[in-house]
Amino acid sequence: MKKYVAEFIGTCVLTTMGCGTAMLVGCDPASGSGYLLTALAFGLSIVAMAYSIGNISGCHINPAVSLGVYLSGGIDTKDFLGYVVSQVLGGLAGAALLSAIFSLGGVPDLTGGLGSNGLAGVSGSAVAGCLVEVVLTFIFVLTILGVTSSKANHGSFAGLVIGLTLTFVHILGIGLTGTSVNPARSVGPAVFAAIGGNPEPLGSLWVFIVAPLAGAALAAAVYKFLESDEA
């Protein structure tokens, strides 16, 4: 149970800090600063959580990461399902917290949707959005599988590497899809944006569930092949 609580807390922190920063500073690539601050907020959230809950749950805080680890044999079916439920609930809690803070404090949401993901940067193309999310999630999950492998020798630097990689994929992805690579982080803001009167993010939410999971599954398959002893 403590593992699931840790995953709930970690995903809540990631959603609150990452999406909250996007809401506060905006994510216009032309302005630059808000774009980079948002990327750093997501990456640093991973670093903070990796060194606080990593020894309890492994700090997946992302259903796509849990799927990659599950397909690689790192967790069993029970933990996979428990992790995913905890992560989605954490994403919803983070979005609820942001909704309360910004509405009660009268702070304008510069994203217009609680930092939810969308397809505006790819001209509304679901195919392009799926491709972006598959590629970015593949890079992110492949890095996690490599840096946490028993054959790796990164020691205490693993959390930093993973956080920097999340920042790295956000730098490209924010202007295209807002960068999900994490269904739980996408579900929470989309649901609470709809509750607040903006149902638009729900229309493309399937992209940010299906594509990250597909990218994670691909990463697990590729890493299993690369790590095998076969020539």
- Message: Using only the alpha-carbon atoms, what does the chain span along each of its principal axes? Please give whole angstrom values in decreasing order.
- Response: 55, 37, 30
- Query: Considering the Cα trace of the stretch 42-97, what is its radius of gyration and what is Dmax, both in angstroms?
  - Reply: 11.5, 34
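Within 10 Å of each residue's Cβ, count the other Cβ atoms and sort HIS60, HIS170 from fewest upward.
On the way: HIS60 32, HIS170 26.
Arranged by neighbour count, lowest to highest, HIS60, HIS170 become HIS170, HIS60.
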- Task: Excluding SER86 itself, calculate the net charge of residues whose Cβ lies under 13 Å from the Cβ of SER86, where each Lys or Arg counts +1 and each Asp or Glu counts -1.
- Result: +1
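Can you run the Rg to Rh ratio on the stretch 44-152? Use alpha carbon positions and the Kirkwood inverse-distance Rh.
Working: Rg = 16.5 Å, Rh = 16.2 Å.
That ratio equals 1.02.
If you rank LEU205, LEU67, LEU104 by fewest surrounding Cβ atoms within 10 Å, what's the result?
LEU104, LEU205, LEU67
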- Item | Value at 222 nm in deg cm²/dmol, rounded to 500, when DSSP H runs of n ≥ 4 in the chain each add -39,500 (n - 2.57) | -23500 deg cm²/dmol
- Task: With no solvent and one equal point scatterer placed on each C-alpha of the stretch 89-145, evaluate the Debye formula and give log10 I(q)/I(0) for q = 0.15, 0.27, 0.30 Å⁻¹, two decimals.
- Result: -0.67, -0.98, -1.06
- Sticking to Cα atoms, compute the Rg of the stretch 159-231 to one decimal and its Dmax as the biggest Cα-Cα distance, whole number, in Å. 15.5, 55
- Task: Round to the nearest 10 and give me the degree value, 0 to 90, for the angle of helix 2-25's Cα axis relative to the longest principal axis of the chain.
- Result: 40 degrees
- Message: I'd like the orientation of helix 126-147 relative to the chain: the angle between its Cα long axis and the longest Cα principal axis, in ° from 0 to 90, rounded to 10.
- Response: 40 degrees
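Fewest Cβ neighbours within 10 Å first, please rank SER150, SER156 accordingly.
Details: SER150 5, SER156 8.
Ordered by Cβ neighbours within 10 Å, fewest first: SER150, SER156.
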- So the angle from the long Cα axis of helix 207-227 to the longest Cα principal axis of the chain, reported in degrees to the nearest 10, equals 20 degrees
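Where a number appears in this text, it was derived from the coordinates with a stated rule and is not lab data. Bear in mind the structure is a predicted one, so any value in this text is a computation, not a measurement. For neighbour counting, all protein chains shown are included, and Cβ atoms are generated from backbone atoms with ideal geometry for every residue, glycine included.
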